[in-house]
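Heads up: the structure comes next, in structure tokens.
Every read-out reported here was derived from the displayed coordinates using simple, explicitly stated rules and does not represent laboratory data. Note that the structure is a prediction, hence the values are computed from the model and not measured. Note that each Cβ is placed from the backbone with ideal geometry, even for glycine, and that neighbours are counted across all protein chains shown.
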Amino acid sequence: MKVILLVEDDEAIRSALAELLEDMEEGYRIVQAANGREAINVLYTSPVDLVVTDLSMPVLDGFALLAHLMGAHARMPVIVLTAYGTSDTRKHLKELGATYLEKPRDLAALPHLVREKLAQRARGHIEGITLAGLLQILNLERKTCSLRVVSGGRLGELHCESGEVIHAECKGVHGVDAVHEILGWQEPTIEIAEAPSLAERTIDVPLLHLLLDSARRRDEDAHRLTLVD
């Protein structure tokens with residue numbers, strides 16, 4: 001039996017969603033959590049096939065949960081719930097590996113999306129949320145926070161203000177160059193915390209431009225490697 005982890009702090013909404021999912025003919029088992037901390041405890045102790053999570057929650061919010069999933073459960077399919085969003089936003093986030101539903105308008109579509117995500121995982125096609133995808137979610141929600149990124153013994157930090165990356169550092173490199181370095185790391189582990197007050201802003205480039213430039217650099221590097229081979 002497939003197990004769905006439902007993470008939502010509003011008890012009435014969580015109960016309604018659990019009932020909606022339990023009524024699906026596939027007979028999924030629904031495990032409920034009221035915040036990200038409870039969800040992580042479940043993930044450590046029980047097998048889970050799909051996570052459905054709100055973003056705004058007490059104790060540990062959905063952003064921190066997504067960061068945990070990226071590190072510890074990189075291929076876990078995720079459906080993100082939020083009180084805000086547009087059709088373009090949801091389409092974009094779906095391409096990033098996370099389906100984005102607006103509460104309460106789009107919740108009727110949840111059963112269909114659950115089937116779709118679990119079918120993808122059964123075929124081995126599901127892809128987890130990337131660091132770039134997480135940054136775009138933070139941008140869409142105008143989140144202010146710090147990200148501690150670890151990969152292969154390397155440590156980097158990204159500081160976001162209202163969803164924009166305003167400072168980055170790793171290995172003595174700061175600013176835009178540090179962002180590109182960190183975005184190129186494979187299978188990073190990420191922790192999210194409140195952003196410290198910064199005396200200096202080292203990045204004034206919009207996030208979208210940073211991501212597009214990083215993608216262009218990676219494509220150029222891959223092309224050069226192909227020519228060498």
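When D9, D54 are arranged by Cβ crowding within 10 Å, least crowded first, meaning fewest neighbours, the order is D9, D54. Between E187 and E19, the contour length at 0.36 nm per residue exceeds the alpha carbon distance by 57.0 nm. The ranking of K143, K103, K171 from fewest to most other beta carbons within 10 Å of each one's beta carbon is K171, K103, K143. For the chain, the Cβ-based charge dipole about the Cα centre amounts to some 460 debye (Lys, Arg positive; Asp, Glu negative; other atoms uncharged). Note on the chain: GNM, Cα springs under 10 Å; of R14, R121, R201, the largest mean-square fluctuation is that of R201. Directionally averaged projected area (the chain, Cα convex hull): 13.7 nm².
Annotation: the residues D177, D49, sorted from fewest to most other C-beta atoms within 10 Å of their own C-beta, follow the order D177, D49.
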